[in-house]
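Read through the structure below, which is laid out as structure tokens, and then see the notes.
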Amino acid sequence: MNKLKKTLAKKIEEWRPRTKRLLSEFGDVKISDVTIAQALGGIRGVKCLVTDISYLDPYEGIRFRGYTIPEVLELLPKPPGAEMPYVEGLFYLLLTGDIPTKNDVKEVHQEFVMRRNVPDYVYKVMDDLADHHPMVMFSAAIVAMEKESVFTPKYKKNELDKYNMWDAYYEDSLNLLAKLPRIASYIYRKKYRNGDIIVGDPKLDWGGDFARMMGIDKPYDDLSRLYFILHSDHESGNVSAHTGHLVASALSDVYYSISSMINGLAGPLHGLANEMVLRWIQGVMKKMDNKVPTHEEMRKFVWDTLKSGQVIPGYGHAVLRRTDPRYMAQREFCLKHLPNDPIFQYVNVLYEVAPDILKEHGKAKNPWPNVDAQSGVIQWHYGVREYDFYTVLFGMGRSLGVLANIIWDRALGYPIERPKSVTTQMLEDLVMQKEEEEKAPMTH
Ligand code: CMX
């Protein structure tokens, strides 16, 4: 057994009594109430999911296993000469909660190398769907590999019990993760580079090999590492993470679950927002004839968008109430590597005016930029100009976090998820009953 799996097995054994005790001794302690506004408003703010992989504080932003983004970028081991850490190291951290040594990272890398070959039929699926959206190709390629699942046949043969299932999910997760750089870069090269495929190099790390197979020079390898790390996890209530967790709660294997996660990520209010940001900015550029707008000019574009009933893409968040630290990390990368990029100048002017306008507009609870406000511009700068592909990159990163969550879901024996619904009539009756109670004269 490799070090990652051994460490994980130990952590799981240590953790289980905590969950078990909470359930058996304190199961009826309340953690949240639900209002009608929450039930009709996307379950916003209802505390009903438990994960220890990451936690999103509204004012501080994400912490992965207790570490902020700057800490993660500083503490995780980096490939020789690289500015950004190994993605392999982040996966180790997400799974175990420990900062890995260089050796630990090397072992994860070797695991990925052993498992990275993509079956031929998956290439055929992607070829057949090459005129579809890249997220369709990505989702289909992943679900097509379901027959590779280690979990499903073992389950069918009754070889698994509730508490050893995580082992098969772990095997499936590593098998799937190892293949994602090949699958995603194949989609890109097939669709946008005339099928001119570049083979990978097993000596390279997950992010570095992806950059190589994309055919893009340095520092795109560092950008890829940064991008995948930043997008990996954002606790478990967002659409992609929650979908992955929900589907796996039915004991659908990771291929079904991650393909579903990808489908959730494809929406414009979620992963697709980075594409929408770039489209919006480039619309402004066109109208400005490529001249960087003054604050006054940019204000007009923002107001025009809001007045036409559209959202300002890349701004706002369901949980965050400040500038997303993932935005800041990418901004720092831009300031270092592409400070004079024309689109970056636009992104900056937008950052300087949009929050005040959104405050004045008075609708968005969070007027600050999120991760998507900055990510498209960097991809564009390094030549990935096919917007449709950006969400695939997000999906690669998000798979790291969702798979870590799913392995732990099985390890802790989380059951199938099944919230309860009510009807509109029931809500109306409840309200009426409450009104009558309030009107009724006090009897004591
Ligand atoms: N521009 C204009 N209006 C906005 C807005 C924005 N950027 N963000 C929120 N609002 C509006 C909402 O549309 C909503 O209006 P209605 O009451 O008319 O429906 C109102 O403000 C309240 O929304 P909220 O509670 O602040 O935000 P939600 O939790 O409902 O939605 C999000 C969050 C991200 C979907 C929303 O802010 C948005 O649409 N942003 C733009 C798209 C985007 O950047 N998405 C990426 C998010 C990060 C990710 O998941 O990848």
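Given the options Thr7, Leu430, Tyr255, identify the residue whose Cα lies farthest towards the positive end of the charge dipole of the chain (+1 on Cβ of Lys, Arg; -1 on Cβ of Asp, Glu). Highest projection toward the positive end goes to Thr7. Of the trypsin sites (Lys or Arg not before Pro) found in segment 155-211, the ones in coil according to DSSP and having at most 13 other Cβ atoms within 10 Å of their Cβ are Lys157, Lys162, Lys203.
Taking loop as defined by DSSP and a crowding limit of 14 other beta carbons within 10 Å, which trypsin sites (Lys or Arg not before Pro) in segment 379-444 fit? Loop-located and lightly packed - Arg385, Lys420.
Working ranking of peptides 13-19, 365-371 by packing, defined as the average number of other Cβ atoms within 10 Å per residue, highest first, is 365-371, 13-19. By the Stokes-Einstein formula, at 1.306 mPa s and 10 °C, the chain with its Kirkwood radius over alpha-carbon pairs has D equal to 68 µm²/s. With a Förster radius of 41 Å applied to the beta-carbon distance between Lys307 and Gln38, the computed FRET efficiency rounds to 0.90. Solvent-accessible area of Thr323, all protein chains in place: 10 Å² (probe radius 1.4 Å, heavy atoms, ligands and nucleic acids excluded). Placing unit charges on the Cβ atoms only, positive for Lys and Arg and negative for Asp and Glu, gives segment 273-381 a dipole magnitude near 240 debye about its Cα centre.
Under 10 Å, Cα contacts only: if you run a Gaussian network model on the chain, which one of Arg65, Arg279, Arg326 comes out with the highest mean-square fluctuation? Highest fluctuation of the listed residues: Arg279. Would you work out what percent of the accessible area of the chain, with all protein chains in place, is carbon or sulfur (probe 1.4 Å)? Heavy-atom surface of the chain belonging to carbon and sulfur, 1.4 Å probe: 55 percent. Across the options Met298, Gln330, Val311, the greatest Cα extent toward the positive end of the charge dipole of segment 273-381 (unit charges at beta carbon of Lys, Arg, Asp, Glu) belongs to Val311. Across Tyr170, Tyr59, the residue with the most accessible area heads the list, and the full order at a 1.4 Å probe is Tyr59, Tyr170. Charged neighbours of Gly401, selected by a Cβ distance under 11 Å, balance to 0 (K, R count +1; D, E count -1). Restricting attention to segment 273-381, the count of lysine pairs at 8 or more positions apart or across chains with alpha carbons under 17 Å apart stands at 6.
The values are calculated or read from the model by the stated rules, or taken from the named source; none is laboratory data. Bear in mind the structure is a predicted one, so any value in this text is a computation, not a measurement. Quick reminder, even Gly has a Cβ in these numbers, built from the backbone with ideal geometry, and neighbours come from all protein chains shown. When the accessible area is computed, the model is the full protein with side chains, heavy atoms only, and any ligands, DNA or RNA have been set aside. Shrake-Rupley method; radii C 1.70, N 1.55, O 1.52, S 1.80 Å.
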